[in-house]
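Okay, structure first, notes after.
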Amino acid sequence: MGGTEWQYAKDAFGSNWIAPAGPHITAFENNLSNISNGHHIAALSSGTAAIHLALILLGVKREDEILCSSFTFSASANPITYLGAHPVFIDSESDTWNMCPELLEKAIIARISKGKTPKAIMLVHLYGMPAKMDEIMHIANKYDIPVVEDAAEALGSTYKKSPLGTFSKFGIYSFNGNKIITTSGGGTLICKDKELIDKAKFLATQARDDKPHYEHSEIGYNYRMSNVCAAIGIGQLEALSERVLQKRKIYKYYKDALSSIKEISLLEECEESFSNFWLTTILLAKNSTIDREQLRLHLEKDNIEARPLWKPMHLQPVFKECNSYVNGVSEDLFNRGLCLPSGTNMTIEDLERVVNKIKEIYEA
Ligand SMILES: *Cc1c(COP(=O)(O)O)cnc(C)c1O
């Protein structure tokens with residue numbers, strides 16, 4: 001927690017709005033809108049709920065196809081299947097590790113030739129690193145396919161000085177406990193179009209028609225954020241820029257301290273992209289004498305938790321029947337990459353301990 005959350009949560013209790021409705025939700029939405037180019041915001045129970053609603057608002061139906069980044073957490077793809085639609089996975093490029101524009105276009109052309117024009121593109125900004133937005137949006141616009149930016153890990157990141165999540169039809173953020181800021185659990189849908197956000201709020205509160213009694217002409221969901229969670233979120237938003245600075249310091253520390261090890265490289269920002277460096281990730285060289293599991297277990301022995309990168313969706317048992325367009329990049333990243341401890345409460349001593357442990361195995 002940043003410090004002010006407890007006061008806002010007490011305000012929420014004091015106001016007796018202990019419900020998925022109340023003044024803190026509106027305040028949280030307004031504050032988030034102020035740092036999101038004035039886009040409209042629907043505060044929801046999770047990032048996954050936001051992705052689900054985005055797809056519904058895009059009119060995704062059974063048997064539709066959605067082009068989805070393969071290198072991601074499963075929550076990017078799961079809501080596609082809630083709707084009976086099919087994810088078609090697109091592999092990464094190696095500059096940002098996000099969706100490869102060339103493969104995207106190849107996939108679009110191939111799906112269209114099969115008579116299946118993709119209904120949407122689910123583009124992920126993984127680990128806070130901006131995807132190649134100019135290229136991706138150029139292709140999406142050329143074929144007139146709407147994009148949803150899954151910026152769950154990328155709040156505070158920008159591309160050409162604009163926040164991620166604001167480049168496409170819909171953006172989504174997550175405030176789950178592991179993200180750069182948290183409401184304990186929560187998420188938001190963001191969009192330029194107020195009508196669509198109003199519709200999202202309507203669907204998120206069981207699609208209740210404007211009548212004195214409960215009248216429903218559509219299927220709804222219980223997806224609204226709780227007022228108590230929103231109160232925590234107001235405090236967390238105040239800490240966001242500090243968090244981003246801290247995450248970037250952690251990245252810089254690792255980058256400098258590990259620069260002497262030739263077998264280790266770090267993901268770099270491209271021109272005009274600014275990452276929140278949600279997690280610092282390292283990549284072991286193809287010819288590294290030590291493999292990813294050896295290094296991970298070496299750290300674990302000293303009670304340092306490092307994790308493999310996300311396992312690509314096209315390699316997941318649950319998605320093995322899905323179509324995919326692959327170039328081997330994300331599979332290779334999965335085999336050679338590791339997330340280092342990146343919590344903003346880490347001290348210099350903590351960081352030193354991780355680095356020394358890594359050096360130990362390479363110098364042994
Ligand atoms: C966390 C995450 C989500 C889902 O957000 P929740 O709030 O946990 O539902 C979606 N996509 C990515 C890439 C994530 O990291």
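For TYR254, what charge total do you get from the other residues with a beta carbon under 13 Å from its beta carbon, if Lys and Arg give +1 and Asp and Glu give -1? If you can, show how the numbers build up before the last one.
Details: positive: LYS247, ARG248, LYS249, LYS252, LYS255, ARG353, LYS357, LYS359; negative: ASP256, GLU268, ASP350, GLU352.
Summing Lys and Arg as +1 and Asp and Glu as -1 gives +4.
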Computed for the chain: size of charge dipole around the Cα centre, +1 on C-beta of each Lys and Arg, -1 on C-beta of each Asp and Glu, debye to nearest 20, value 320 debye
Square roots of five times the C-alpha gyration tensor eigenvalues of the chain, ordered largest first and given in whole Å, equal 34, 28, 16
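Taking the Cα centre of the range 241-363 as origin, work out the dipole magnitude from +1 charges on Lys and Arg Cβ and -1 charges on Asp and Glu Cβ, in debye rounded to 20.
On the way: 18 positive and 20 negative charges, 24 e Å.
In total the dipole reaches around 120 debye.
If you wrap a convex hull around the Cα atoms of the range 162-283, how much volume per residue is inside, in Å³? Spell out each step's value before the answer.
On the way: hull volume 17.5 nm³, N = 122.
Dividing the Cα hull volume of the range 162-283 by its residue count gives 143 Å³.
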Mean Cβ-within-10 Å packing, highest first, puts peptides 230-238, 331-339, 52-60, 285-293 in the order 230-238, 52-60, 331-339, 285-293
In this structure, among LYS106/LYS286; LYS262/LYS286; LYS252/LYS359; LYS255/LYS357, pairs with alpha-carbon gaps over 19 Å are LYS106/LYS286
The distance between the Cα centres of the range 110-134 and the range 14-65, in whole Å, is 22 Å
Dipole check, the chain, charges on Cβ (K,R +1; D,E -1), about Cα centroid: among ILE136, ALA239, ILE80 the Cα furthest to the positive pole belongs to ILE80
Bridge orientation stat for the chain from DSSP, antiparallel percent rounded to 5, came to 60 percent
Going residue by residue through the range 188-203, the Karplus relation 6.51 cos²θ - 1.76 cosθ + 1.60 with θ = phi - 60° gives ³J(HN,Hα) values, rounded to whole Hz and with x marking Gly or Pro, of 9, 9, 10, 7, 5, 8, 4, 4, 5, 5, 4, 5, 4, 5, 4, 5
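So what is the calculated 222 nm ellipticity per residue for the chain, using -39500 (n - 2.57) for each DSSP H run with n of 4 or more, over all residues, to the nearest 500 deg cm²/dmol? Don't skip to the end; give the middle numbers.
On the way: 11 runs with 138 residues, N = 364.
Here the helix-only value at 222 nm equals -12000 deg cm²/dmol.
Do any trypsin sites (Lys or Arg not before Pro) in the range 59-157 lie in a DSSP loop with no more than 13 other beta carbon atoms within 10 Å, and if so, which? Please report the intermediate quantities before stating the final value.
Working: sites: LYS61, ARG62, LYS106, ARG111, LYS114, LYS116, LYS119, LYS132, LYS142; in loops: LYS61, ARG62, LYS114, LYS116, LYS119, LYS132.
Sparse-neighbourhood loop trypsin sites (Lys or Arg not before Pro): LYS61, ARG62, LYS114.
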The alpha-carbon center of the range 72-88 and that of the range 256-277 are separated, in whole Å, by 31 Å
Given 267-280, 171-184, the highest-first ranking by average Cβ count within 10 Å works out to 171-184, 267-280
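Filter LYS160/LYS249; LYS161/LYS311; LYS201/LYS247; LYS116/LYS192; LYS61/LYS161 down to the pairs with a C-alpha to C-alpha distance above 23 Å, please.
Working: LYS160/LYS249 21 Å; LYS161/LYS311 30 Å; LYS201/LYS247 32 Å; LYS116/LYS192 28 Å; LYS61/LYS161 35 Å.
Where the Cα-Cα span goes over 23 Å, the pairs concerned are LYS161/LYS311; LYS201/LYS247; LYS116/LYS192; LYS61/LYS161.
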Taking the alpha-carbon centre of each part, the distance from the range 327-364 to the range 225-241 in Å is 30 Å
Calc'd 3J(HN,Hα), the range 274-282, phi into Karplus 6.51 cos²θ - 1.76 cosθ + 1.60 (θ = phi - 60°), Hz, glycine/Pro = x, comes to 10, 9, 7, 6, 3, 10, 7, 10, 10
Between the residues LEU55, MET99, GLY165, the Cα farthest towards the positive end of the dipole of the chain, that dipole coming from +1 and -1 charges on the beta-carbon of Lys, Arg, Asp and Glu, is from LEU55
Sorting GLY343, GLY187, TYR221 by the position of each Cα along the dipole of the chain (Lys, Arg +1; Asp, Glu -1; all at Cβ), the one nearest the positive end of that ordering is TYR221
Under the Karplus relation with 6.51, -1.76 and 1.60 and θ = phi - 60°, whole-Hz ³J(HN,Hα) for the range 110-117, x at Gly and Pro, equal 5, 5, 4, 5, 8, x, 10, 5
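Read-outs: derived from the displayed coordinates by stated rules, not from any lab. None of the values given here were measured: they were computed from a predicted structure. As a convention, Cβ positions derive from the backbone with ideal geometry for all residues, glycine included, and neighbour counts pool all protein chains shown.
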